[in-house]
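One structure is given below, encoded as structure tokens.
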Amino acid sequence: MNVAKKIISKHLVSGKMEAGAEIALKIDQTLTQDATGTMAYLQFEAMGVAKVKTELSVSYVDHNTLQSGFENADDHKFLQTIASKYGIVFSPAGNGICHQVHLERFGVPGKTLIGSDSHTPTGGGIGMLAFGAGGLDVACAMAGQPFYITMPKIIKVNLTGKLRDWVSAKDIILELLRLETVKGGRGKIYEFAGAGVKTLTVPERATITNMGTELGATTSIFPSDEITKDFLARQGRISAWTEIIADDQKDYDGEIVIDLSTLEPLIAQPHMPDKVVKVKDIKGIKVDQVGIGSCTNSSLSDMLLTAEVLKGKKINKNVSFVVSPGSRQVLAMLSQSGALFNIIESGARVLESACGPCIGMGQAPKSGAVSFRTFNRNFEGRSGTKDAKVYLCSPEVALAAALSGEAADPSEYFGAKPKIKTPEKFLVDDAQFQQPEADGSKVEVVKGPNIVSLKQFAFDLTTDVVVALKVGDNISTDHILPAGAKILPYRSNLPKISEFTFGAVDADFAKRASKIPNGVIVGGENYGQGSSREHAALAPRFLNIKIVLTKSFARIHLANLINFGIIPLTFDNPADYDKINQGDNFSFSRAKDILENGEDFNILIAGKGIKIKANYNLTQRQKGILLAGGLLNWIKEKASK
Ligand code: F3S
């Protein structure tokens, strides 16, 4: 078997390992971050389970670390106390970005991990089978429920050759994005293989699996080999290592070959991670802001390279340059080694170890700015500045831009690449993680005024529905419910956060939708791509959206819609998309019977006499969830039977 199948087969609760079939997997570990975690734990609490049933669950605070009002601080306290009560490890603000920290201190090859953050596949860098999921799915896993996915196709990414100087792991994943696009990974696991794998360190592998998310992939994974063993040994966790390598190089549903030795420094242009070109093709573009960090490129090696390149040099005066080390461990080691001095002396602004500018928490660039970032997403407006142009690149390309003030190919701009040596032993201080109380029953969960208890939804769809909004292709969860310092603090306050739904697309949407008893959103291809943010389903549901009808869906968002009782439909004939307009009335009769009986939906658009066939490719379980009004109700119904 290949690596992915080996892990799936060991965790298979039900279903067959045949691409397209629904499978249920036992989940060993979960992680949450604060932006999605508060809701996940409210949901877990509503399930009435005394303690988490996973081997390990960790609650990280890394997104909303700005405390400019009481809201974020309230949420952090809630997360700390609920973690202690229910058997969850708590990683407070300052410890670092969930994926970086999890890789360093908790990830175990061969284990399954789901996280309420779409970049959870970062764990694939050490051979974990790691999935991004909605918070409710994570809550279910903590309650001991299996995780349901459609068995993906497993695609071998055969890496040959070796990267040249100034070309890095980021360029490998950008090349894959160029080849496959942001839709190319749907229903696939990318499994990395070939001689090139042995040339990549764990942090480099993790950069690749992290950004596999941008391909829309179910997940991405590397084998667990001697290099993985070395990484874990340096972290003082060699006992966590097991070897997991593919024993049949032909056991794949497809193959892509990338010759590392031919790659050049690449860059994704605004506003999509797959708009990839060679850096030399945009040479000379003036750059206003540069950011090195995020869960994609904030490892110790990324930071040591940054320090070494900047040594004795000054940042261009027209560039605002920010560096965010990925974890407290990385920051501490940078400081201990003296490398931090080189970064500070260059004129860089050193930020807290957190998501920061990646999630729009500070560092919004100036109007119309060009911003080069080592992050993984460049959707319009995500930086906090609507007309900013965000490019995604490697630390090498970012450094050339920070020093020169423009887009420059680092292999031309710099001389020989410095050799970076990471220490034999990482600085380990697990005292920074808070272990839960052995007897959680006595722990009081603190809910400040920003924590609003959950609203229970029911299946209450009636015949007449109205198209509340029509949008185009590649609508991301950032479009549906933006992040940023103004909005994210309300993530545990559904009535409030719902007011921001589709705000940047259509400022009147929330008001209009809340007045329609049964609303429909019509979308194009790849609806709901991007972050796993379940508020992008929850908030529309709160505003009475009952159906989303699109040409196609992104995986995590599709699951989130079902979890919150929104019926996801796709056009049988994509050309029918053009026949529907915002404000159209549908006759949508017998929805309950149709779902129960597995019939097709034939939608009649009132006043136009147009009939449209819509499909739903749902399992019995998913139909059951919709008919129950959502996953929480479904679980409760199951528990009461
Ligand atoms: Fe955080 Fe950005 Fe990663 S928001 S988890 S650093 S994608």
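Laboratory data are not the source of any read-out in this text; all were calculated from the coordinates shown. Since the model is a prediction, treat every value here as computed from it, not as a measurement. Positions of Cβ are backbone-derived with ideal geometry, glycine not excepted, and every protein chain shown enters the neighbour counts.
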So, relative contact order of the chain in percent, Cα under 8 Å, 6 or more apart, is 14 percent
For 223-230, 336-343, ranked highest to lowest by mean beta-carbon neighbours within 10 Å, the order is 223-230, 336-343
Short to long, in 10 Å steps from zero, the percent of alpha-carbon pairs of segment 450-550 per bin is 16, 51, 30, 3
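If packing is taken as the average number of other Cβ atoms within 10 Å across a peptide's residues, how do 551-562, 57-68 rank, most packed first? Working shown, then result.
Working: 551-562: 25.1, 57-68: 23.2.
The densest-packed peptide leads the list: 551-562, 57-68.
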If unit charges are put on Cβ atoms (+1 for Lys and Arg, -1 for Asp and Glu) and the dipole of the chain is taken about its Cα centre, the option from G132, A40, Y252 lying farthest towards the positive end turns out to be A40
Relative to the chain, whose Cα atoms define the longest principal axis, helix 34-46 and its Cα axis are tilted in degrees, nearest 10, by 40 degrees
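So, by mean Cβ neighbours within 10 angstrom, what's the order for 196-206, 12-22 with the highest one leading?
Numbers: 196-206: 21.5, 12-22: 13.3.
Taking the mean over residues of other Cβ atoms within 10 Å, the ranking is 196-206, 12-22.
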Counting only DSSP loop positions in segment 327-395, the trypsin sites (Lys or Arg not before Pro) whose Cβ has at most 13 other Cβ atoms within 10 Å are K366, K386
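DSSP loop (so not H, G, I, E, B), at most 16 other Cβ within 10 Å: list which GluC sites (Glu not before Pro) in segment 395-455 pass both filters.
On the way: sites: E396, E406, E412, E424, E437, E444; in loops: E424, E437, E444.
Passing sites in segment 395-455 are E424, E437, E444.
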Cα-based Debye curve of the chain sampled at q = 0.10 Å⁻¹ gives log₁₀ I(q)/I(0) of -0.86
If V466, V505 are placed from fewest to most neighbouring beta carbons inside 10 Å, the sequence is V505, V466
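Give me the net charge for the shell around P203: Cβ to Cβ below 13 angstrom, other residues only, Lys and Arg +1, Asp and Glu -1. Show your work: numbers first, answer last.
Working: positive: K170, R205, R234; negative: E104, E204, D230, D302.
Every neighbour counted, the sum reads -1.
In whole angstrom, how long is each semi-axis of the equivalent ellipsoid of segment 296-448, when you take the square root of 5 times every eigenvalue of its Cα gyration tensor and sort them from largest down?
Details: eigenvalues 198, 105, 28 Å².
Ellipsoid semi-axes (Å, largest first): 31, 23, 12.
Mean residue ellipticity at 222 nm from the helices of the chain, using -39,500 (n - 2.57) per DSSP H segment of n ≥ 4 over the full residue count, to the nearest 500 deg cm²/dmol?
Details: 21 runs with 183 residues, N = 641.
Value at 222 nm, helices only: -8000 deg cm²/dmol.
What does the charge count near D478 come to, summing +1 for each Lys or Arg and -1 for each Asp or Glu among other residues with Cβ under 11 Å from its Cβ? Walk me through the numbers on the way to the answer.
Working: positive: R377, R382, R533; negative: E380.
That works out to +2.
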Kirkwood calc, segment 464-640, C-alpha pairs only, radius in angstrom 16.3 Å
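Only counting other Cβ atoms within 10 Å, I'd like T150, T209, T422 sorted with the fewest neighbours first.
Numbers: T150 19, T209 30, T422 16.
Least crowded to most crowded, the residues run T422, T150, T209.
Quick one: S589, S411, fewest Cβ neighbours within 10 Å first, how do they rank? Before the final figure, lay out each step's value.
Numbers: S589 15, S411 19.
Fewest to most other Cβ atoms nearby, the residues stand as S589, S411.
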